[in-house]
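Below you'll find the structure, written out as structure tokens, and then a few comments.
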Amino acid sequence: MNELTIIIPFLHEGEEIDNTLKSIRDTAKDKVDILIINDGCTDGYDYEKPASQYNAIHYKNKERLGVAGSRDVVVSMCKTPYFLLLDGHMRFFQDDWVEKTLSVMKEDHRAIYCLQCKNLLPDFTIDENSTPTMGAFVNLTEEESGFYILEPHWTYKDPEPEKSVIKIPSVLGAGYAATKEYWQYLR
């Protein structure tokens, strides 16, 4: 039995779902379960085909729930203790990423981890000039009207370079991993 499930909520990703699933299977083989959740696509693309081809479970929401709602639905369906949330347009470039991810996650079951991501160029090669992200944070800015605006920002500089794990206050974008138990605890 696998320990890690890849969860991919998406809307109108088309061929990118094929590419992401292929990249996962090319690097992780059958060491992970994959759940893709279609949040009401109307683009006419056959998402069942890549799901079947790459041994992934395809679930389609009856109505649009958005990314957060879709994540919650699929995390509840997850049969493994650990999961990784991804966008539908990701690539993997290391064959040992599953083992590395699980080894860190097993150190603390009450944490959410952000995997480092680099930007891809239009030909889907790594942009060697891009800086990997270290998670995200959100500033609250009060406007004259008295309303607050959430200003999300990506962290590009590791504030504690001697540590491999740093605190991140926001879950933005893709590449976040946690235990199913902790995610459900946080709600």
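Details
- Selection count, region 40-50, where residues are on the phi < 0 side of the Ramachandran plot and open to solvent by 10 Å² or more (accessible area, probe 1.4 Å): 7
- Subset of region 51-81 that is among the β-branched types (Val, Ile, Thr) and assigned to a helix (DSSP H, G or I) - its residue that is most open to solvent (accessible area, probe 1.4 Å): 67
- In region 105-120, the residues that are open to solvent by 70 Å² or more (accessible area, probe 1.4 Å) and at pLDDT below 75: 116, 118, 119
- Pairs, first free of Cβ contacts under 8 Å to residues at least 12 places away in the same chain in region 17-32, second surrounded by 15 or more Cβ atoms within 10 Å (Cβ to Cβ), C-beta under 7 Å, six or more apart: none
- For the criterion of being among the polar types (S, T, N, Q) and in contact (Cβ under 8 Å) with a residue 24 or more places away in the chain, residue 52 fails.
The values are calculated or read from the model by the stated rules, or taken from the named source; none is laboratory data. The structure presented is a predicted model; accordingly, all values stated were derived computationally and were not measured. Glycine also receives a Cβ, built like all others from the backbone with ideal geometry; neighbour counts cover every protein chain displayed. Heavy atoms of the whole protein, side chains included, go into the accessibility calculation; ligands, DNA and RNA do not. Shrake-Rupley method; radii C 1.70, N 1.55, O 1.52, S 1.80 Å.
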